[in-house]
Amino acid sequence: MGTSVLSLRIDHDLLERLRHHAARSGMSVQDYVVRTLIRNDFDERFQAAVEETEKFYGVT
């Protein structure tokens, strides 16, 4: 799997909060943001799988 570059423009206050959260986790800001995006993506895919399973079994 390859990688791509995503460039963001964010305000100073948000960047400082990200730096603070990343530092508490012992991570770089880049790693912290990527980890957060991956976790969000997993949560969305998991929820979609649960909903599909409920539809299949007729659970309401």
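The values are calculated or read from the model by the stated rules, or taken from the named source; none is laboratory data. Treat the numbers as computed from the prediction; the structure is a model and nothing was measured. Heads up, the Cβs are rebuilt from the backbone with ideal geometry, glycines too, and the neighbour counts pull from every protein chain shown. SASA here: full protein model, heavy atoms, side chains in, ligands and nucleic acids out. Shrake-Rupley method; radii C 1.70, N 1.55, O 1.52, S 1.80 Å.
At a probe radius of 1.4 angstrom, the accessible area of the chain per residue rounds to 95 square angstrom.
If you plug the beta carbon distance of Ser25 and Glu51 into 1/(1 + (r/R0)^6) with R0 = 30 Å, you get a FRET efficiency near 0.45. Placing pseudo-labels 7 Å out from each Cα toward the beta carbon at Arg9 and Phe42 gives an inter-label distance of 3.3 nm.
Computed over the chain, the per-residue total of -39500 (n - 2.57) for DSSP H runs of n ≥ 4 gives a 222 nm mean residue ellipticity of -24500 deg cm²/dmol, rounded to 500.
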